[in-house]
Amino acid sequence: MKIYTIYLLGVLFALMSCEGKEEQLKTAEAVISEDRMKEYVRELAGDAYQGRKPFSAGETKTIEYLQSTFQSIGLEPANGAGYLQEVPLVKVIGAIEEPLSLVMPEATMKMDYVDDFIIFSRRLEEKIKLNASEVVFAGFGIVAPEYNWNDYKDLDVNGKTVIVLVSDPGLESGNPDFFNGDAMTYYGRWTYKYEEAARQGAEAVLIIHQDKGAGYPWSVVVNSGSTAKIYPQPENDYKNRCKAEGWITFNKAQELFSTMGRDLDQLIAEARQSGFQGFEMGVTAHLALTNRWEKARSHNVLGKITGTDLADEYLFYTAHWDHLGIGKKMDGDSIYNGAVDNGTSLAWMLEIARAFKAMPQKPRRSIVFMAPTAEESGLNGSGYYADHPLYPISKTVANINNDLMLPFGRCKDVMVTGYGQSDLDQLVRTEAEKRGRYILPDPNAHTGMYYRSDHFSFARVGVPAIFARGNNDHWEKGKDYMTEKEQYWITNCYHKPGDEYQQWWDLSGVVDDAQLLFRVGWEIANTDRYPQWKATSEFKAVRDAQFK
Ligand SMILES: [Zn+2]
């Protein structure tokens, strides 16, 4: 009888503490405020911040604001006594001296800078010249042993200029096992194509732009290519990289191939077939540009909540603070404010931090909130962190990142970019379903978004990382409404001065996503288990090697 009573009391206590915990979580998530989110974005996307370009006066203002906000939320400094991690970068400003021209046996094709091509050099050399550089077409420019694919096979590109197609051969192949089908692999990214061309010894590399394959229109290439470029500080002045890296428009490429009697669409279809052989084009490239550069230090901003019994294990939330700064004038405005990119995600992260602080007990694992710098120029801040971590990567259990959270209200879907990579999917699904929401794999996986924001820096070094938010199915107005809104936003605001804070914004969806991903983080932070990559993930092997 006595034992039975004790048992019943035990069950009762367990139930009470469980209910108590749920009550606590509810109270904590209720702290997440739409008004405060709007205030953060209005501030950070204000003209006074000049588009938050690394190294600019906008950086100083931004990192000061973030530090004081971290402090007022009660986050501890995450780098010794400070909130900042220095990130050594180099800013390279190129100027075209002689535009790209392609000399054919019977004619010369002169290209107009910006309208027809964008080119830059990351080499820290003052004068860059392509002088009658032989041009080679190298298909997709991919060497992928696991797909038995080598576009450079039997091609001599040493000291030559390669022209390659955007994306990878899986796109529109209808075969999900071939380069992940329509979902872009890392082989489809421009970063990879530049790296591979350099490994092959090419002098220059040009990617033929296509909206679908790139995942964005030509204007985005122009806006990110014609302002100063930012790179990690190199050891060898980037002498191991191609002299020139760039893009040409589809129309110009079509014109070029048609003068050779070839149809570009037909050529793309052929290049998608295995065994396709690239070829010398009988064309030479000419170009001259000058580079100026400036080495400087930018900053990642990091705050933390120290855990309890698992304090030496870490969960990272990330949202980059930087944007494009001041650039080409459009409709009379030259400040690229970056309100959605990435003000809304910063607001999301700051409010999650507040929710954690509102819990009466600390999480078991430590939580780090990081706003990386220089995401826009190629994930440079998070990449530097991943290569120079403040906490061991093998003890970093997961990363939850966000970028471009749209201000159009609550969504039923939780879009997971990189769905199927890790078992974090299941944690998100469980919490989503509790809120009447559902998981949606990114319907535009062809844009390669899994490789295009800071979670990729964590994935690359083996840390399971997730990028998830409502994006496609508006709670009241449905899918067509969101498609239309997103299209509108991409056309008018994405990487444009039009990405500004507006009074009419509805951030209830960002609130919902913050509550959801706070819950997911709380689960991760209070278990002994490490989130795992799926067996098919390209990142699993890196992680496994850390636990040998
Ligand atoms: Zn962004």
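Computed on region 412-513, the Cα convex hull volume stands at 115 Å³ per residue. For the chain, the antiparallel share of DSSP beta bridges with both residues in that region comes to about 60%. The alpha-carbon of LYS160 sits under 16 angstrom from the alpha-carbons of these aspartates and glutamates, leaving out residues fewer than 8 places away in its chain: GLU134, ASP151, GLU195, GLU196, GLU203, GLU245, GLU280. For TYR187, the shell of other residues with beta-carbons less than 12 Å away shows a net charge of -4, using +1 for Lys and Arg and -1 for Asp and Glu. If R0 is taken as 51 Å, the Cβ-Cβ distance between GLU476 and LYS329 corresponds to a FRET efficiency of 0.85.
Efficiency by 1/(1 + (r/R0)^6): what FRET value for ASP47 and TRP504, r their Cβ-Cβ distance, R0 = 22 Å, to the nearest 0.05? Rounded to the nearest 0.05, the efficiency is 0.70.
May I ask you to work out the translational diffusion coefficient for the chain at 37 °C, viscosity 0.692 mPa s, via Stokes-Einstein with Rh from the Kirkwood sum over Cα pairs, reported in whole µm²/s? Can you show the working numbers first?
On the way: Rh = 24.6 Å.
Reported coefficient: 133 µm²/s.
Within the chain, what is the longest stretch that has no GluC sites (Glu not before Pro) placed in a DSSP loop and near at most 11 other beta-carbon atoms within 10 Å? Longest run free of exposed loop sites: 236-475.
The residues THR447, THR60, THR259, when put in order of fewest to most other Cβ atoms within 10 Å, stand as THR60, THR259, THR447. List the lysines whose alpha-carbon lies under 19 Å from that of LYS295, not counting same-chain residues fewer than 8 positions away? Partners within reach: LYS53, LYS91, LYS127, LYS229, LYS239.
Remark: the LYS357-GLU23 segment gains 118.7 nm on full extension, using 0.36 nm per residue and subtracting the alpha carbon distance. For region 372-450, the Cα gyration tensor yields ellipsoid semi-axes of 26, 17, 12 Å (square root of five times each eigenvalue, largest first, whole Å). Binning the alpha carbon pair distances of region 142-192 at 10 angstrom intervals from zero yields the distribution 24, 53, 20, 3, expressed in whole percent. Label sites at SER33 and SER101, each approximated as a point 7 angstrom past Cα along Cα to Cβ, lie 6.3 nm apart. Within the shell defined by Cβ-Cβ distances under 15 Å, the residues around ILE63 carry a net charge of -2, with Lys and Arg each +1 and Asp and Glu each -1. Excluding the sites themselves, what is the longest stretch of the chain that contains no chymotrypsin sites (Phe, Trp or Tyr not before Pro) in a DSSP loop with at most 10 other C-beta atoms within 10 Å? Counting at most 10 other Cβ atoms within 10 Å as exposed, the longest clean stretch of the chain is 1-503. Stretching the chain fully between ALA311 and ASP112 yields a gain of 66.0 nm (0.36 nm per residue, less the alpha carbon separation). By the rule of a C-alpha distance below 13 Å, with chain neighbours fewer than 8 residues away ignored, the aspartates and glutamates paired with LYS485 are ASP473, ASP506. One compactness figure for region 91-293 is 0.97, namely its Cα radius of gyration divided by 2.2 N^0.38 Å. With R₀ set to 30 Å, the beta-carbon distance separating GLN426 from ASN148 gives a calculated FRET efficiency near 0.40.
Rule-based calculations on the coordinates, nothing more; no lab input. These numbers were taken from a predicted model, which means no experiment stands behind them. Positions of Cβ are generated from backbone atoms using ideal geometry, with glycine treated the same way; all protein chains shown enter the neighbour counts.
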